[in-house]
């Protein structure tokens, strides 16, 4: 036993902390399965009055067991002097990074989807003047890609409007197409006929 304590001291491991960790883990590995069986029996008893399915019981049981194991890990970390504030800071930082990733992905996906529907329904065409209300963003449509619709203002400046904005805001389209982009068949007009001499 003294050799083990000497080895622990050489590696800067407190023997009391190591023994406390082993005891906590042994207690948790005994108590948590017993609680799991008791919880499972209790949920089975409540299954018919609460109209739970077997799958619901299993999910509830697993979530509670996961929380108990997480509490065990937090207790072990506290024994070793690792402050829970530091652990919470890491957890919150990770959740924030994941959330920002989801928001960025959602924005890109919504613009891609909006681009598809704009191409399908064609509420406006290149060359038409579009005004987004109530922001009063107005310009001639000069292009569209998967993310943005490009508007050219009368002053010459260029606006990049996210495609999803056309499904969130009211917009006004003027029907004046430039002569170069006007397709008579697209607007239902008949092609001009040549008069005989």
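Each reported figure results from applying straightforward, stated rules to the coordinates on display, with no laboratory input. All values reported here derive from a predicted model rather than from experimental measurement. All Cβ positions, even for glycine, are placed from backbone atoms using ideal geometry, and neighbour counts span all protein chains on display.
Computed over the alpha carbons of region 42-144, Rg followed by Dmax gives 25.9, 70 Å. Sorting 136-145, 115-124, 45-54 by their mean Cβ neighbour count within 10 Å, with the most densely packed peptide first, gives 136-145, 115-124, 45-54. Extending 7 Å from the Cα toward the beta-carbon at both residue 18 and residue 108 defines two label points whose distance is 4.8 nm.
Counting neighbouring beta carbons within 10 Å and listing from fewest to most, the residues 34, 24 come out as 34, 24.
Multiplying the residue separation of residue 31 and residue 3 by 0.36 nm and removing their Cα-Cα distance gives an extension gain of 6.9 nm. Counting pairwise Cα distances across region 2-98, what percent come out greater than 19 angstrom? Roughly 61 percent, once rounded to a whole number. Across region 120-173, the volume of the C-alpha convex hull divided among the residues equals 74 Å³ per residue.
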